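So the structure is just underneath, and the comments pick up after that.
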Amino acid sequence: MDEEYDVIVLGTGLKECILSGLLSVDGLKVLLLLFCFLCSSRVCYVY
C-alpha cells in the first residue's frame, strides 16, 4: 500500500466509525484499520 491518507483510524468502536464517516464526508481520505476477532484477521477499509 503506497497510498497516502489524510487520517488513519484504529479500531471499530462507535466513536471510530462515526469519526471515519464524518471525516470522509468532509473530503478527507480515511484509512480505517480493524482486527476481526471472529476470523482472526486484519481488515482495512478506505473511505
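Since every read-out is calculated from the coordinates, none of them should be taken as a lab result. Keep in mind that what you see is a predicted model, and the values were worked out from it rather than measured.
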(message) Report the gain in length on full extension from D26 to E4: 0.36 nm times residue separation, minus Cα-Cα distance, nm rounded to one decimal.
(response) 6.2 nm
(message) List the residues, sorted by chain then number, that are 5 or more residues from V9 or on another chain and whose placed amide H is less than 5 Å from its amide H.
(response) L31, L32, L33
